[in-house]
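Take a look at the structure below.
The values are calculated or read from the model by the stated rules, or taken from the named source; none is laboratory data. Because the structure is a prediction, the values reported are computed rather than measured. Positions of Cβ are backbone-derived with ideal geometry, glycine not excepted, and every protein chain shown enters the neighbour counts. Accessible surface areas use protein heavy atoms only, side chains included; no ligands, DNA or RNA. Shrake-Rupley method; radii C 1.70, N 1.55, O 1.52, S 1.80 Å.
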Amino acid sequence: MTIVSSSEISYIGSRSGKTYTTVEEMIKGEQEFVRLRGRSPGTLPNSPKQIAGPSSVPKGPISPKTGSPIPTSVNQPLPSNVLIDAQQAVKSINSGTRPPGWGGKWAVPHKNLEGNLPKLDAAGKQITYHEYYLPKNPGDNTKWGANRLVVGSDGSVYVTTTHYGQSGNPPFVYIGKK
């Protein structure tokens with residue numbers, strides 16, 4: 001999976017306190033820190049802290065609903081546990097499997113009824129989407145939680161931690177191509 005990143009941004013790991021130059025590096029470093037501490041990656045509760053901003057942040061695809069770029073994982077950092085879960089989900093999707101113990105919907109068509117995601121790819125071909133439930137955040141008492149991964153037929157990968165914007169903004173964060 002290619003996660004949107006910028007070499008001009010640094011992140012501080014939510015558990016280790018180490019500085020990383022990319023989200024990918026931060027995820028690997030935090031996974032190793034958690035492994036050494038004997039905790040599950042799903043228990044990382046905090047967002048990476050952006051400590052330096054770029055002069056030009058990569059932009060996500062344009063939302064037909066707002067006419068603005070969809071936030072990326074660079075300009076709208078996601079909680080560490082959600083990025084780790086998204087990366088694991090994409091690996092499973094690419095290998096045709098499902099992560100053990102994950103409940104909820106998996107590879108179910110997402111109709112984009114809210115119109116937040118692009119409807120056409122760069123060639124003008126209609127994009128279809130599939131939805132994948134991600135594990136709930138610690139302390140979430142709802143049945144399935146708000147975290148979802150949505151993958152487009154064009155390979156675009158989006159995450160929502162707000163259940164498509166129902167519990168806040170942004171409705172989606174673009175994290176890259178699978």
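Structure notes:
- VAL108-LYS65 FRET efficiency (beta carbon distance; Förster radius 22 Å; 0.05 resolution): 0.55
- For segment 168-173, 3J(HN,Hα) computed residue by residue from phi via the Karplus equation (6.51, -1.76, 1.60; θ = phi - 60°) reads x, 10, x, x, 9, 10 Hz, glycine and proline entered as x.
- Centroid-to-centroid separation of segment 114-178 and segment 63-108 [C-alpha atoms, Å]: 7 Å
- Å² per residue, accessible surface of segment 82-151 at 1.4 Å: 53 Å²
- Accessible surface of segment 84-178, 1.4 Å probe, proportion on carbon and sulfur as whole %: 52 percent
- Extension gain from THR142 to GLN126, taking 0.36 nm per residue of separation minus the Cα-Cα distance: 2.4 nm
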